[in-house]
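One structure below.
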Amino acid sequence: MLQILGQNFLNALQLGSVYALIALGYTMVYGILTMINFAHGDIFMVSAYLSLAAALFLVGLPLQLPMILVFTGALLFSMLLTALLGVLVERLAYRPLRQAPRLSAVITALGVGLFLEHFTLAILGPEPRRFPDLLPATTWQVAGLTLTPVQLLTILLAAVIMILLDVLVRRTLLGMAMRAIAYNRPIVPLMGVPVDRVISLTFALGSAIAAAGGLMYGLAYPVLDPYMGVRIGWWAFIAAVVGGIGNIRGAMLGGFILGAVEIFTPVFLPSSTYRDFVAFSLLLLLLVFKPTGLLGRPMFERV
Amino acid sequence: MNWPTWIVLTVLTCSLAFGGCAPKETNDIRIGVNAEITGSKPTVGDSCKNAAQLLVTQVNADGGLKVGDKKWPVTLFIEDNEDKPESAAAVAKKLISQNNVLAILGPNASGNAIPAARICEDAKVIMITPWSTNPKTTENMKYVFRACFVDDFQGQVMAKFARDNLKANTAAVLYDVASEYNKGIAEIFKKEFEAMGGKVVAFESYTKDDKDFSSQLTKIKAANPDVLFLPNYYNEVPLQVQQARRLGLTCAIIGSDSWGSDELLKLGGKDLEGCFFSTHYAPDIATPEAQKFIKEYEAKYGKKPDDVAALTYDSLNLLLTAISKAGSLDRQKVRDALANITEFEGVTGKMKFKGTGDPIKSAVIIQIKDGKFTYFDSVAP
């Protein structure tokens with residue numbers, strides 16, 4: 001019994017890492033713009049396809065590259081292009097609406113999400129694609145638990161990215177600018193902070209982090225389809241809200257909580273059918289008792 | 001009224017008088033094909049049309065079908081049902097009232113076959129569906145037949161296969177609880193496997209669109225079964241098999257006819273090696289009937305026939321056999337002859353009818369070997 005619990009905990013940690021990586025994108029954009037980027041799940045989907053394209057290209061080269069190089073190449077390529085996509089979406093779809101009512105921006109975000117889904121569908125067709133095995137398919141037995149290279153790498157990569165992001169936001173000038181914009185957007189330009197550039201960089205950063213999640217998700221669940229971002233996007237969004245939207249550490253915590261909900265629901269309840277029920281109930285309860293999320297601070301409307 | 005109007009009226013009246021009532025006495029055997037030629041399953045309609053045309057060409061090259069002491073040519077009326085239930089019903093109506101067909105082949109998908117079956121039953125016209133495995137298609141119908149086995153049967157076949165061929169004492173099942181097809185087969189499998197003295201040690205479910213099955217598979221691994229049964233669709237099975245293997249599950253893995261798509265091999269890769277599933281037909285099956293059909297089909301259309309093509313060929317062949325046996329073109333007599341065919345050697349194996357629309361026939365077990373579907377065994381009911 002303890003072994004099963006341990007194994008499930010490990011699986012939850014892996015899935016939670018992916019959720020946390022995507023939740024970061026939601027929370028960063030909300031923190032800086034108080035806008036929910038509903039296209040983020042689909043940006044994640046596009047990133048998975050981008051890393052698939054890069055991986056297939058690198059594997060197809062007659063160079064016989066070692067798999068670790070293919071993996072790194074796919075990761076960097078996908079992070080770079082997805083960052084560009086995030087910047088592009090912000091520049092074309094959200095920036096023109098920055099002064100418009102917040103509802104317009106949310107609807108635009110939903111529209112961008114639909115556009116990305118159906119654009120992918122139109123180009124690649126509805127049939128699911130297989131993600132190649134970039135990491136060895138061995139399993140390690142550690143204290144009765146089964147551990148795979150994908151699992152280990154997902155958890156490690158997510159941890160490294162989260163630590164780097166935390167340092168970036170708390171210790172660097174860019175991070176300070178981001179926090180400043182989140183704190184009081186009207187005043188910050190007067191201090192000489194290039195607001196537009198900082199917002200663009202935030203989108204780039206959030207999308208690139210989602211791309212890391214996309215590659216790790218593709219390796220763990222190697223069947224990609226154009227609608228895969230919808231459910232994962234929703235779950236990551238709940239993760240961001242549970243942790244306290246706008247709070248970066250909260251998004252990480254929320255991601256792991258949602259990963260645990262998904263893995264442990266079928267363990268304690270008869271079927272995984274209850275999964276969404278459990279997740280949304282958790283969200284509702286939390287919103288009733290702690291509307292700002294676990295780590296969020298109350299926001300005061302400034303008059 | 002000026003003279004052009006008179007001409008139009010006269011022509012209209014004449015065409016009504018002569019064309020409106022189709023002659024009851026025809027000098028050919030008319031068979032309708034109600035197929036999914038456009039819509040979301042165009043390959044299904046294509047295979048159905050091709051196989052039917054292949055057999056009709058062969059029969060007519062022989063001078064036609066011998067009924068009583070006269071040879072009759074066979075004529076096909078092929079109509080597209082667009083893979084929509086309402087047009088499947090409309091096509092059935094049209095074939096009956098305008099083309100005055102003796103019998104109808106298709107539709108293939110259960111969603112289309114069920115409404116069309118109602119129309120044929122009411123008109124007392126024989127309908128044979130090649131591919132619809134849903135029990136509801138033929139339930140309480142006198143004139144509706146099928147050439148494939150029913151969903152429930154697969155559960156039995158795989159239980160028997162696991163017990164007898166794989167010598168499994170314990171089994172685990174993972175199935176989609178939201179789909180009638182998966183759930184039905186899973187429950188029958190459990191019942192039959194336990195009736196044969198085995199034990200189902202884990203019976204786990206998930207919901208459509210799940211990608212992570214690790215908690216269910218962890219439970220299954222802890223139960224340590226001899227065999228894992230996955231009666232799920234080809235786009236989910238590769239993930240399930242891969243995750244099972246990554247968790248260290250080494251037992252045999254088996255499935256149902258929903259695995260039978262080339263997509264499965266594309267998505268699954270090496271992990272699927274050695275898995276088994278039940279289906280209607282195997283292209284490399286060894287019977288002379290099947291070999292002959294595959295050779296002729298390939299020669300005519302340049303591709304290997306799939307299970308729909310094989311089942312359509314068998315459906316039409318069953319119908320023609322029944323017409324020959326009845327010795328008459330009377331629908332009632334042909335229907336009775338068809339319902340009492342006791343011996344039929346088809347491309348998809350031996351089958352017989354026992355008064356109802358569902359045949360008693362064996363299923364084929366396929367093994368995935370070197371990245372290909374390979375014939376392994378046939379299981380009789």
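Of the trypsin sites (Lys or Arg not before Pro) in region B:282-367, the ones in a loop by DSSP (not H, G, I, E or B) with at most 16 other beta carbons within 10 Å are B:Lys303, B:Lys354. FRET efficiency for the A:His118 to B:Thr43 pair, using the beta carbon distance and R₀ = 41 Å, is estimated at 0.95. The phi torsions of region A:165-176, fed into the Karplus equation with coefficients 6.51, -1.76 and 1.60 and a -60° offset, translate into couplings of 5, 4, 4, 4, 6, 8, 10, 9, 5, 4, x, 5 Hz, rounded to whole numbers, with Gly and Pro shown as x.
Taking θ as phi - 60° and the Karplus parameters 6.51, -1.76 and 1.60, the scalar couplings of region A:182-195 work out to 4, 6, 7, 5, x, 7, 4, x, 5, 8, x, 8, x, 4 Hz in sequence order, x denoting glycine and proline. Of the cross-linked pairs B:Lys49/B:Lys300; B:Lys94/B:Lys354; B:Lys41/B:Lys124; B:Lys66/B:Lys93; B:Lys49/B:Lys84; B:Lys70/B:Lys300, those separated by over 20 Å at the C-alpha level are B:Lys94/B:Lys354; B:Lys41/B:Lys124; B:Lys66/B:Lys93; B:Lys70/B:Lys300. Around the Cα centre of chain B, unit charges on the Cβ atoms of Lys, Arg, Asp and Glu (plus for the first two, minus for the last two) sum to a dipole of about 540 debye.
Between the amide H of B:Phe344 and those of B:Met351, distances stay under 5 Å, these residues lying 5 or more places away or on another chain, with hydrogens modeled in the peptide plane.
In this Cβ point-charge picture (+1 for Lys and Arg, -1 for Asp and Glu), region B:152-279 has a dipole of about 460 debye about its Cα centre. When the helices of the protein assembly as shown are scored as -39500 (n - 2.57) per DSSP H run of n ≥ 4 and the total is divided over every residue, the value at 222 nm lands at -18500 deg cm²/dmol.
Residues whose amide H falls under 5 Å from that of A:Lys290, counting only those 5 or more places apart or on a different chain, are absent, with hydrogens built in the peptide plane. Taken along the Cα-to-beta-carbon direction at a fixed 7 Å, the label points for B:Lys66 and B:Asn169 span 5.8 nm.
With the simple model of a label 7 Å out from the Cα in the direction of the Cβ, B:Ala223 to B:Lys350 spans 3.6 nm. Entry note, region B:156-260: relative contact order of 31 percent, from Cα contacts under 8 Å with a spacing of 6+ residues. What whole number of Å gives the distance from the Cα centroid of region A:198-277 to the Cα centroid of region B:277-342? A separation of 51 Å, based on Cα centres.
Given +1 at the Cβ of Lys and Arg, -1 at the Cβ of Asp and Glu and no other charges, the dipole of the protein assembly as shown around its Cα centre is 1220 debye to the nearest 20.
Cα extents for region A:144-244 along the principal axes, largest to smallest and rounded to whole angstrom: 57, 30, 24.
On the basis of the beta-carbon distance and an R0 of 56 Å, B:Asp209 and B:Asn27 show a calculated FRET efficiency of 0.50. Report the paramagnetic label zone for A:Arg297: residues of region A:183-204 whose backbone N is under 11 Å from a point 7 Å from Cα along the Cα-to-Cβ axis. Residues A:183 fall inside that zone.
Gain on full extension, evaluated as 0.36 nm per residue between A:Leu69 and A:Leu282 minus their Cα-Cα distance, stands at 72.6 nm. Would you please classify the overall shape of region B:104-205 from the alpha carbon gyration tensor, given that a ≥ b ≥ c denote the square roots of the eigenvalues, rounded means a/c under 1.5, and beyond that prolate means a/b larger than b/c while oblate covers the rest? Judged from the Cα gyration tensor, region B:104-205 comes out prolate (a/c at least 1.5, a/b above b/c).
Remark: the protein assembly as shown is approximated by an ellipsoid whose semi-axes, taken from the C-alpha gyration tensor as √(5λ), come to 56, 32, 21 Å, largest first. Phi-derived couplings, Karplus 6.51 cos²θ - 1.76 cosθ + 1.60 at θ = phi - 60°, listed residue by residue for region A:209-221: 5, 4, 5, 4, x, x, 5, 5, 5, x, 6, 7, 10 Hz, with x used for Gly and Pro.
By DSSP, the beta bridges lying fully in the protein assembly as shown are antiparallel in about 45 percent of cases. Under 1.5 on a/c is rounded, so check that first for region A:200-303, then, if it is not, pick prolate when a/b is larger than b/c and oblate when it is not; a ≥ b ≥ c are the square roots of the alpha carbon gyration tensor eigenvalues. In terms of gyration-tensor shape, oblate. Of all aspartates and glutamates in the structure, the ones whose alpha carbon falls short of 18 Å from that of B:Lys167, not counting any fewer than 8 places away in one chain, are B:Glu192, B:Glu194, B:Asp226, B:Asp377. Note on chain A: with a GNM built from Cα contacts shorter than 10 Å, the maximum mean-square fluctuation among A:Leu80, A:Leu156, A:Leu21 falls on A:Leu156. Across chain B, the relative contact order, built from alpha-carbon pairs under 8 Å that are at least six residues apart, equals 15 percent. Extension gain for A:Arg197 to A:Leu168 (0.36 nm times residue separation, less C-alpha to C-alpha distance): 8.8 nm. Residues whose amide H lies under 5 Å from that of B:Gly327, counting only those 5 or more places away or on a different chain, are B:Gly68; hydrogens are built 1.01 Å from N in the peptide plane. Let me make sure I get this right: for region B:152-279, a, b and c are the square roots of the gyration tensor eigenvalues over alpha carbons, sorted descending. Under 1.5 in a/c it's rounded, otherwise prolate if a/b > b/c, else oblate. Which is it? Since a/c stays below 1.5, the shape of region B:152-279 is classed as rounded. Scanning chain B for helices, which whole DSSP H stretches are 24 Å or more long along the axis (Cα) and average -0.5 or more by Kyte-Doolittle? Length and hydropathy pass: B:42-61, B:307-326.
Once C-alpha pairs closer than 8 Å and six or more residues apart are averaged by separation and normalised to the residue number of chain A, the relative contact order reads 35 percent.
FYI, it's all coordinate maths here, none of it is from the lab. The structure displayed is predicted, hence computed values, not measured ones. Heads up, the Cβs are rebuilt from the backbone with ideal geometry, glycines too, and the neighbour counts pull from every protein chain shown.
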